[in-house]
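See below for the structure under consideration.
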Amino acid sequence: MEQAPQRTQATRGACSLSATASGRRSAAFLGALAFLVALPTPLAGADDVITLAPHARHGETSVAVVEWLNRAHFIRKPLDDAASSDTFDRYLDLLDPSRVHFLAEDIRELEQYRFVLDDALKSGELEPAFDIYNRFHQRLTERLSFSLERIEKGIDRFDFDLDEMVEIDRAEASWPTHEEEANDLWRRRVKGTVLNSMLRGRDNEEISERLGKRYRNQLRQARQVKSEDAFGLYVNAYAATFDRHTQYFSPRDSETFNINMSLSLEGIGAVLGPEDDYTSVVRLLPAGPADKGGQLKPADRIVAVGQGKYGALIDVIGMRLDDVVELIRGPKGSVVRLQVIPAAVDDTSGETSIVSITRNTVRLEEQSAQRQVLTVNDGIADRRIGVVEVPTFYIDFKARQEGRPDYRSTTRDVRRLIDELKAENVDGIVVDLRNNGGGSLEEASSLAGLFIPSGPTVQVKMARRDTRVQSDNDNGFVAWEGPMAVLVNRLSASASEIFAGAIQDYGRGVVTGNRTFGKGTVQTLIELDRGQLKMTQAKFYRISGLSPQSQGVAPDIHFPDPPGADRLGNDEDESIGWDRVEPAHYRSSGEIGPLLGTLRQRHERRVADDPEFNYLRERADRSREITGRTHISLLRTEREAQKESDDTWTLELENTLLLARGEEPATSLEELRERQVSAETDESLPDPLLKETAHVLADFIGLTRQVAMLPQETATVVR
């Protein structure tokens, strides 16, 4: 979770694009290349290999990041040969997590840098980092060129009667020893991709066209890399040696982070995405400038951007999406002109139009707190259950610092929603924190304060300092005194864990769902001259004294784990381990504990034969089986048999659920997929986990009205 930014002059200069301190970002970046389609380009040769060099500001920023981390990070660790070696390994993992680009001979040559990066980081010397990146880029270009060549030679050359395998999990594999081995590895990868398309029913011509486009696009994207890309990956490899949540943000990434925290930006209010060589309008944000103007439409393709009424139009065909976005964003009240190919027009017709839009403040309402009301029966009466969905813990720091009375925050929005739900006479409230990755610590604490009269909400411990207790400071105000529940899952993290942990420790509500992510650290934003450093400076603890770090918050009532849950969570972060502190002084309501046994029994009886829950359990089991596969056969007959088995299982499972819902079963997977696409925007579809949480809360409401309330007790704290 993040605290308000600290304004600090730390360095003169930074970079423009960074990555997270995790191999997933690099893998996602490289994987995303496959989804950006470009016009055909010649096969990459020597001229296609880009040689990047650092800018002076990169070295200055590197030194500033090193100084901050060594002076103020929660963990004190020397920048020595051990740190250098760790940075080296993490950098390679960010660049080539599947070990399919570098050759073993590259690694042997680059080993000369393993124990010199510490001195290079201290001095701002970035040549070693860029040497490593340039070698990676060379190999990336070679592998993409090789893949494109295999497609252009004709996919009929592949022998699908040959019994061979392709390795899909190479995180622990060795790098190819030489180019011949690399070629064979990529031949199998391309062959596997071709076979996947064949199994989807595509003919050779369509497959060749699709894959040719894909690899040409990837080559085009590779030619658009910048020095900022290399620098961002490298400095975040070093930051990750401290912990996985410490991260450098370039100025561009800083802007995106601030937008997500404030839920507002200044621009035109359009979501953009790649389409062939163009930047396409995916959708318009309701009530944004583009939406109100009525000229720009979804699926319009942007070909040029001009500033002001008379500024020259800049061609953006083939430009990186983030560069196009930067041209279109701008200050409130300014004008931007877009030259677009309308959605209904073929791009070969030459027909375009000019759309002029005055930028304004755009509120990202989709990420703000929302509400709804469910009605469930507990066997005695219908209970009206209000649901408040909180996607993130946001606050507009800038607007608050400017003294604007209408600044946005999670607590302010939820308080308003609670008032609306009270006006609708709800019997209880569920706070839905599923997939809420956190946000402002202050907001987590103040949100908890809406449900408790007064008292501590979280404990924070800085390095080598005493633990500080943070309390609800709203003079005893309680927005909702009635029954409540909190719904969480494996992606509920950080600030979500503060809130869920506080409600659980106070016995204020029932926590349902899955064990949470397990992030128990606090990050502070350090403003650099260009960009920001998000740095772990503290750990937080529940008021019971327990740390969520690596362990998360265990729900009172556990739901089936979703597919892939075993790959989620903060378990792998061993740099900052689990511990505990003395519990804070607080008073538990004593409402939930005596009734938990009964609530669990009723829940288990209800879901034992529930089709929705059975469906979730079956999918989770199947997911664990599939993700356990490390190799895939390239023998067509074997793959066809496997696909038939997988498809039959999927169709039977989905049809069982459809029949249980009173719907007609699907006759094929194609029909099933068509139904699923059309149902993506159908808000009436059941949400079994939310519905069951409402039933659990309704049970609690019924039980508390049947028996006398237990005397309020002083909290029994965990020591």
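Give region 82-133 a look and list any residue that's within 29 Å of the chain's Cα centre (by Cα), over 20 Å from W186 (Cβ atoms) and of a type in the set (S, T, N, Q), or say none. Scanning region 82-133 gives S84, S85, T87. The single condition among (1) part of a strand (DSSP E or B); (2) in contact with an Asp or Glu (Cβ under 9 Å, 6 or more places away or on another chain) that S356 does not satisfy is (2). All told, S684 falls short of being at pLDDT below 90, farther than 30 Å from G509 by Cβ and either assigned to a helix (DSSP H, G or I) or under 32 Å from the mean Cα position of the chain (by Cα) (or both). Restricting attention to region 661-679 and to residues that are farther than 20 Å from R622 by Cα and more than 32 Å from the chain's Cα centre (by Cα), the residue that is surrounded by the most Cβ atoms within 10 Å (Cβ to Cβ) turns out to be A666.
Residues that are closer than 20 Å to T637 by Cβ, touching a Leu at 6+ places or on another chain (Cβ under 9 Å) and among the basic types (K, R) within region 175-234 comprise R188, K191, listed in sequence order.
Which one is nearest to the chain's Cα centre (by Cα) among residues in region 508-552 that are aromatic (F, W, Y) and more than 15 Å from L568 (Cα to Cα)?
At the first step, the residues of region 508-552 found to be aromatic (F, W, Y) are 517, 540-541.
Applying the additional criterion that residues be more than 15 Å from L568 (Cα to Cα) yields 540-541.
On the way: F540: 22, Y541: 24 Å.
Per the stated criteria, the residue is F540.
Summed over region 553-574, residues that are under 30 Å from R606 (Cα atoms) and modelled with pLDDT under 95 total 10.
For region 376-408, the tally of residues that are surrounded by 15 or more Cβ atoms within 10 Å (Cβ to Cβ), modelled with pLDDT of 90 or more and either not assigned by TED's automatic domain parsing to the domain that holds V431 or not in a loop (DSSP other than H, G, I, E, B) (or both) stands at 11. Only one of the numbered conditions (1) in contact (Cβ under 8 Å) with a residue 40 or more places away in the chain; (2) closer than 18 Å to T352 by Cα; (3) surrounded by 14 or more Cβ atoms within 10 Å (Cβ to Cβ) is not met by V316, and that is (1).
Under the condition of being over 16 Å from L52 (Cβ atoms) and out of contact with any Ser or Thr (no Cβ under 6 Å at 6 or more places or on another chain), which residue from region 122-133 is surrounded by the most Cβ atoms within 10 Å (Cβ to Cβ)? Before you say what the answer is, go through the steps one by one.
Narrowing region 122-133 to residues over 16 Å from L52 (Cβ atoms): 122-124.
This time we only want the ones that are out of contact with any Ser or Thr (no Cβ under 6 Å at 6 or more places or on another chain), so: 122-123.
Values: K122: 14, S123: 12.
Of everything passing the filter in region 122-133, K122 is surrounded by the most Cβ atoms within 10 Å (Cβ to Cβ).
Has region 436-449 got any residue that is in a strand (DSSP E or B), closer than 27 Å to A694 by Cα and over 20 Å from the mean Cα position of the chain (by Cα)? Checking region 436-449: not a single residue is in a strand (DSSP E or B), closer than 27 Å to A694 by Cα and over 20 Å from the mean Cα position of the chain (by Cα). Going through (1) in contact with a Ser or Thr (Cβ under 6 Å, 6 or more places away or on another chain); (2) over 30 Å from A304 (Cα atoms) one by one, R359 falls short only on (2). If the condition is being surrounded by 13 or more Cβ atoms within 10 Å (Cβ to Cβ), of a type in the set (D, E) and either over 24 Å from P560 (Cα atoms) or touching a Lys or Arg at 6+ places or on another chain (Cβ under 9 Å) (or both), then region 618-645 contributes E638, E640.
Checking each residue in region 344-375 for being hydrophobic (A, V, I, L, M, F, W, C) and modelled with pLDDT under 85 picks out A344, V345, L364.
List the helices (runs of 4 or more DSSP H) inside region 103-210, counting only whole elements, that have at least 3 residues being closer than 30 Å to G628 by Cβ.
Working: elements: 104-110, 117-123, 127-152, 179-199.
Counting at least 3 such residues, we get 127-152, 179-199.
With respect to the conditions (1) free of Cβ contacts under 8 Å to residues at least 60 places away in the same chain; (2) on the phi > 0 side of the Ramachandran plot; (3) small (G, A, S), G124 falls short on a single one, namely (1). Mind listing whichever residues of region 326-336 are buried (at least 18 other Cβ atoms within 10 Å of the Cβ) and free of Cβ contacts under 8 Å to residues at least 60 places away in the same chain? Across region 326-336, the qualifying residue is only L327.
Scanning region 186-240 for residues that are of a type in the set (S, T, N, Q) and in contact (Cβ under 8 Å) with a residue 24 or more places away in the chain yields N204, S208, N217, Q218, Q221, Q224, S227, N236.
Taking region 134-164, which residues are surrounded by fewer than 14 Cβ atoms within 10 Å (Cβ to Cβ) and aliphatic (A, V, I, L, M)? Matches in region 134-164: L162 only. Quick one: count up the residues across region 660-676 that are in contact (Cβ under 8 Å) with a residue 24 or more places away in the chain and in a helix (DSSP H, G or I). Number of matching residues: 1. Residues that are under 30 Å from G232 (Cβ atoms) and either at pLDDT 95 or above or hydrophobic (A, V, I, L, M, F, W, C) (or both) are absent from region 499-510.
For A270, the conditions (1) in the same structural domain as I328 (by TED's automatic domain parsing); (2) in contact with a strand residue (DSSP E or B) (Cβ under 7 Å, 6 or more places away or on another chain); (3) surrounded by fewer than 18 Cβ atoms within 10 Å (Cβ to Cβ) are fulfilled apart from (3).
The values are calculated or read from the model by the stated rules, or taken from the named source; none is laboratory data. What you are looking at is a predicted structure, and each value in this text was computed from that prediction instead of being measured. Glycine gets a Cβ as well: all are built from the backbone with ideal geometry, and neighbour counts include every protein chain shown.
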